[in-house]
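J.: Starting off with a structure, shown below.
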Amino acid sequence: MEETRLCQWSVIRSLLAIIQWWGFNVTVIVMNKWIFQKLDFKFPLTVSCIHFICSAIGAYTVIKILKLKPLITVEPEDRWRRIFPMSFVFCINIVLGNVSLRYIPVSFMQTIKSFTPATTVVLQWLVWRKYFDWRIWCSLIPIVGGILLTSVTELSFNMLGFCAALFGCLATSTKTILAESLLHGYKFDSINTVYYMAPFATMILAVPAVVLEGNGVIEWLHTHQTLVPSLIIIFSSGVLAFCLNFSIFYVIHSTTAVTFNVAGNLKVAVAVLVSWMIFKNPIPALNAVGCGITLVGCTFYGYVRHLLSQQLPGTPRTPRTPRGRMELLPLVNDKLDDKV
């Protein structure tokens, strides 16, 4: 009886973790789109900078003041040699995501972001000469096909937004690959990652944001009619962006790898549905089919990767079998690109 109750509590805990993760993620995406489209605050660098500042303050509060998470100590020289390059790519990734939201619908942007597993595998194969099992390559086919179908049938297609989202995938993949080498020896959780990277990202982005968008922001502050409510929404999106990082930490520790992968793909579907209900952007039937194919492909990719990760190290090798289990798999989880 006790075991049954523990099992039931584990299931409830996992569901609650997934729901709050979905809630924060979808809310941040929709709020950012609302800021760009409805509030006419068309400054993605400034929005990203506000998110970094709020996340840096939030991470400091959680670790240093509330002490809800222990601080992972990083040597001073490693902060510049390891953390700073990661923060630079991290900054580019977030900025490109916000730029894409500025120009294309949430549904299209989220579908393109699902291309990240393919870019991660291809980059590791091209740059690191990393071998992948044929099943990994096959699992990428529906992802690529779905993206192509969605792009061709997108009614609100914008080349700048499309390129920003696509290069955002490359930035996410680069961050994923760099994390394996630069952060070797450090076991960061999402909160400690933000604690170290958000201040660097703020420092990197502050000057470009002021130079490129400063005059536009000042003009918006002087001409916007509902200034105070709009500023509350903008800064609330930054606070929720930090809460998203905390929710990622919670969901990772409450679910299995397979559940996390499936929930991550369903999260995209939820974001697409909610954004469509709010912004009423037209989604043709073939476009929806392309999005669905992409999500199924991502789920299949995660399932294949999980199967390969369970392969016993002692399995007899053939000439076509990699030398080690790690040669089969992409580096770290691609779904952790939701941070900040």
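The values are calculated or read from the model by the stated rules, or taken from the named source; none is laboratory data. Note that the structure is predicted; figures quoted are calculated from it, not measured. Using ideal geometry, Cβ is built from the backbone for each residue, glycine included, and neighbour counts are taken over all protein chains shown. Please note that ligands, DNA and RNA were not included when accessible areas were found on the heavy atoms of the full protein model with its side chains. Shrake-Rupley method; radii C 1.70, N 1.55, O 1.52, S 1.80 Å.
J.: Could you tell me which residue of region 114-126 is farthest from the chain's Cα centre (by Cα), considering only residues that are crowded, with 22+ Cβ neighbours inside 10 Å and not hydroxyl-bearing (S, T, Y)?
T.: Only one residue fits best here, namely V121.
J.: Residue pairs, Cβ under 8 Å, 6 or more apart or interchain, first in region 72-101 and touching a residue at least 60 places away in the same chain (Cβ under 8 Å), second loosely packed, with under 15 Cβ neighbours inside 10 Å. List them.
T.: I72/K187; V99/L160
J.: Which of the residues that make up region 153-179 are without any contact (Cβ under 8 Å) to a residue 24 or more places away in the chain and either buried (at least 23 other Cβ atoms within 10 Å of the Cβ) or out of contact with any Phe, Trp or Tyr (no Cβ under 9 Å at 6 or more places or on another chain) (or both)? Steps first, answer last, please.
T.: We begin by selecting, within region 153-179, every residue without any contact (Cβ under 8 Å) to a residue 24 or more places away in the chain; these are 159, 163.
The answer is C163, and nothing else.
J.: Can you pull out every residue in region 252-262 that is within 17 Å of Q20 (Cβ to Cβ) and either open to solvent by 20 Å² or more (accessible area, probe 1.4 Å) or not in a loop (DSSP other than H, G, I, E, B) (or both)?
T.: Scanning region 252-262 gives I252, H253, T255, T259, F260, V262.
J.: Sticking with this one: Tell me yes or no: at least one residue of region 235-251 is touching a Leu at 6+ places or on another chain (Cβ under 8 Å) and either open to solvent by 50 Å² or more (accessible area, probe 1.4 Å) or more than 24 Å from V304 (Cβ to Cβ) (or both).
T.: Initial filter on region 235-251 (touching a Leu at 6+ places or on another chain (Cβ under 8 Å)): 248.
Now restrict to residues that are either open to solvent by 50 Å² or more (accessible area, probe 1.4 Å) or more than 24 Å from V304 (Cβ to Cβ) (or both): none.
No, region 235-251 contains no residue that is touching a Leu at 6+ places or on another chain (Cβ under 8 Å) and either open to solvent by 50 Å² or more (accessible area, probe 1.4 Å) or more than 24 Å from V304 (Cβ to Cβ) (or both).
J.: What number of residues within region 263-299 satisfy the criterion of being in a helix (DSSP H, G or I) and either within 17 Å of the chain's Cα centre (by Cα) or crowded, with 19+ Cβ neighbours inside 10 Å (or both)? Step through it out loud before you land on a result.
T.: We begin by selecting, within region 263-299, every residue in a helix (DSSP H, G or I); these are 263-279, 285-299.
Still in the list and also either within 17 Å of the chain's Cα centre (by Cα) or crowded, with 19+ Cβ neighbours inside 10 Å (or both): 263-272, 275, 287, 290-291, 293-295, 297-299.
Residues meeting the conditions: 20.
J.: Looking only at residues in region 300-331 that are open to solvent by 70 Å² or more (accessible area, probe 1.4 Å) and among the hydroxyl-bearing types (S, T, Y), which one is modelled with the highest pLDDT?
T.: Restricting to residues being open to solvent by 70 Å² or more (accessible area, probe 1.4 Å) and among the hydroxyl-bearing types (S, T, Y), the top hit is Y303.
J.: Same structure, new question: In region 142-196, which residues are of a type in the set (S, T, Y), assigned to a helix (DSSP H, G or I) and farther than 30 Å from T73 by Cβ? Give the steps one after another, and end with the answer.
T.: First pass over region 142-196, keeping only residues of a type in the set (S, T, Y): 150-151, 153, 156, 172-174, 176, 181, 186, 190, 193, 195-196.
Then keep just the ones that are assigned to a helix (DSSP H, G or I); that gives 150-151, 153, 172-174, 176, 181, 190, 193, 195-196.
Once the filter is applied, which keeps residues that are of a type in the set (S, T, Y), assigned to a helix (DSSP H, G or I) and farther than 30 Å from T73 by Cβ, region 142-196 yields T150, S151, T153.
J.: Are any of the residues in region 222-229 assigned to a helix (DSSP H, G or I), at pLDDT 90 or above and open to solvent by less than 60 Å² (accessible area, probe 1.4 Å)?
T.: Of region 222-229, the ones assigned to a helix (DSSP H, G or I) are 222-223, 227-229.
Okay, now just the ones that are also at pLDDT 90 or above, so 222-223, 227-229.
So of that shortlist, the ones also open to solvent by less than 60 Å² (accessible area, probe 1.4 Å) come out as 227.
Checked against the condition, which is being assigned to a helix (DSSP H, G or I), at pLDDT 90 or above and open to solvent by less than 60 Å² (accessible area, probe 1.4 Å), region 222-229 yields at least one hit.
To keep it simple, each residue is scored yes or no on (1) more than 25 Å from A271 (Cα to Cα); (2) hydrophobic (A, V, I, L, M, F, W, C); (3) open to solvent by 50 Å² or more (accessible area, probe 1.4 Å).
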position: Q110; (1), (2), (3): no, no, no
position: W128; (1), (2), (3): yes, yes, yes
position: I136; (1), (2), (3): yes, yes, no
position: S181; (1), (2), (3): yes, no, yes
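J.: Limited to region 12-68, what total is found for residues that are open to solvent by 80 Å² or more (accessible area, probe 1.4 Å) and of a type in the set (A, V, I, L, M)?
T.: Residues meeting the conditions: 8.
J.: W137 passes all but one of (1) free of Cβ contacts under 8 Å to residues at least 12 places away in the same chain; (2) in a helix (DSSP H, G or I); which number fails?
T.: (1)
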